[in-house]
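These notes concern the structure reproduced below.
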Amino acid sequence: MTFSISDSGLNALVDEVIASGTTVIAPAVIKLSAGERREYQKIGSAEKMALTGAIVSNSLKPFIMPPSVPLFRYTRAKAGVSLEPAAGKAQAAVVIGAQACDIAALEIVDRVMDWDYHDEVWFERRKATTVISLACTQADASCFCTAVGSGPDHPRGSDVQFLRKKGGYLARALTETGKAFCAKYGSHFEKVGDDADRDPLIKETREKVETNLKIDLGAIRSFLTRNFDHELWNDFGLRCHGCGACAFACPTCHCFDIVDEPEGITHGVRRRNWDTCQTAKFTVHASGHNPRKDQNSRIRQRVMHKFQIYPERFGDVLCTGCGRCVRVCAGGMNLLEILKVLGKSAEAKS
């Protein structure tokens, strides 16, 4: 089901959604001392949206899985320990203008959160959120979504997909949630045919991304399975600081820690906080033993989790090619280079 919406119509739609009490999350320009950047933000009006410009610097992960989430509160008394919910229900939200790499990540993490245990905290926010993506018309040297089965205009994870056209957007309703959204705000849309013109920049962006990285994921997965102790991990580990910036910027990394925080003598809160396999203490046992005692083993875990362990369990890769890990790394750890090296090593071994 394809619709058309003008620039002014989209602004009116966004303001109407905000006026209804629904949270709207969209790319917005953040002013910095050294310039500016675009990042996903909760916006208060349509004029704050910045749907075009530089690649969005953050992911959508913090809006579905905040860095710190209270799970429940506890109170201790002579009769025992009583528990009560720490927060209310998730508020309805609409994401507008999300990049393909970010919305695909939500669906990838869904599988983990519903694997051996249904994570209510995650899915409550997921179900409360309508996702409207926008096909990318810009890319840089760190983008490699096409190498991991996606692309600038890939619809995976979208409820509604926007594609830029002259004077506005094409809007493709892809899910029942998306169709309901377009029906609810139907006064802003005009129905058009599926063959309506699209921005030629989308095709150009795809071609640019494809030149950044071309790999055989199956061959890399096979190589990783057979080369757990390969000397390459020593080379990669020397450059890694173990700071975890890559994991915190990544839209698919989902490791967490759970801690009890006292707020008094008899009461406190249990929280779930972001964590990462790249820090030295992540795998330390109570005995003091650490099965990943060096950075070589920790960077190996990150790469193998994304390109061998997760694929074996779910038939997909734990990476959307967003390139954020490359952009934020203080040590110059370039995942594109690592994958190229692994790809060449896999070819040499075949």
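Considering the alpha-carbon set of the chain alone, what are its Rg and its Dmax in angstrom?
Using the Cα atoms of the chain, the pair Rg, Dmax is 21.9, 70 Å.
For region 263-328, build the convex hull from the C-alpha positions and give me its volume per residue in Å³.
Per residue, the Cα convex hull of region 263-328 comes to 169 Å³.
Sorting Ile299, Ile220 on the 10 Å Cβ count, fewest up front, what's the list?
Arranged by neighbour count, lowest to highest, Ile299, Ile220 become Ile220, Ile299.
What is the sum of charges, Lys and Arg at +1 and Asp and Glu at -1, for the other residues whose Cβ falls under 11 Å from the Cβ of Cys240? Write out the running numbers ahead of the final one.
Working: positive: Arg239, Arg298, Arg300, Arg302; negative: Asp235, Asp294.
Net of charged neighbours comes to +2.
In nm, what is the difference between 0.36 nm times the number of residues separating Thr225 and Asp294 and their Cα-Cα distance?
Working it through step by step, the gained length comes to 22.8 nm.
Which whole-number percentage describes the relative contact order of region 2-349, with Cα contacts under 8 Å and a sequence gap of 6 or more?
So the answer I get is 20 percent.
Of Ser68, Asn58, Ile96, whose Cα points farthest to the positive end of the dipole of region 13-104 (charges on the beta-carbon: +1 Lys, Arg; -1 Asp, Glu; origin at the Cα centre)?
Checking the options against the dipole of region 13-104, the answer is Ser68.
Is the shape of region 38-91 rounded, prolate or oblate, going by the alpha carbon gyration tensor and its root eigenvalues a ≥ b ≥ c, with a/c under 1.5 for rounded and a/b larger than b/c for prolate?
prolate
Given 20 °C and 1.002 mPa s, how large is the Stokes-Einstein diffusion coefficient of region 187-253 in µm²/s, with Rh as the Kirkwood radius over Cα pairs? Write out the running numbers ahead of the final one.
Details: Rh = 17.2 Å.
So the translational diffusion coefficient is about 125 µm²/s.
Output the antiparallel fraction of DSSP beta bridges having both residues in the chain, as a percent to the nearest 5.
On the way: 43 of 54 bridges.
Counting only bridges with both partners in the chain, antiparallel ones make up about 80 percent.
Rank these for me by crowding, Lys61, Lys31, Lys78, Lys214, going from fewest to most other beta carbons within 10 Å.
Working: Lys61 22, Lys31 7, Lys78 4, Lys214 12.
Ranking Lys61, Lys31, Lys78, Lys214 by Cβ neighbours within 10 Å, fewest first, gives Lys78, Lys31, Lys214, Lys61.
Output the lone cysteines of the chain: those with no second cysteine's C-beta under 4.7 Å from their C-beta.
When partners are defined as cysteine Cβ atoms under 4.7 Å apart, the chain leaves Cys136, Cys143, Cys145, Cys182, Cys240, Cys243, Cys255, Cys277, Cys319, Cys329 without one.
What lysines could a cross-link reach from Lys344, if we take a straight Cα to Cα line under 21 Å and drop same-chain neighbours fewer than 8 places away?
Correct list for Lys344: Lys214, Lys306.
Show that you can apply the helix-only estimate: for the chain, add -39,500 (n - 2.57) for every DSSP H stretch of four or more residues, divide by all residues, and state [θ] at 222 nm to the nearest 500.
It lands at -9500 deg cm²/dmol.
Among Asp260, Asp102, Asp216, Asp153, what is the fewest-to-most ranking by other Cβ atoms within 10 Å?
Asp260, Asp216, Asp153, Asp102
Out of every Cα-Cα pair in region 130-237, what percent are more than 23 Å apart?
The answer is 46 percent, as a whole percent.
Can you tell me the convex hull volume per residue for region 1-100, based on C-alpha atoms, in Å³ to the nearest whole number?
Normalising the Cα hull of region 1-100 by residue number yields 171 Å³.
What distance in nm separates the two pseudo spin-label positions at Asn11 and Asp257, each 7 Å out from Cα along the beta-carbon direction?
Label-label distance for Asn11 and Asp257, simple model: 4.7 nm.
Hey, how many Å between the Cα centroid of region 95-163 and the Cα centroid of region 231-273?
22
Read the figures in this text as sums done on the coordinates, not as results from a lab. A quick note: this is a predicted structure, and the numbers were derived from the prediction, not measured. Positions of Cβ are backbone-derived with ideal geometry, glycine not excepted, and every protein chain shown enters the neighbour counts.
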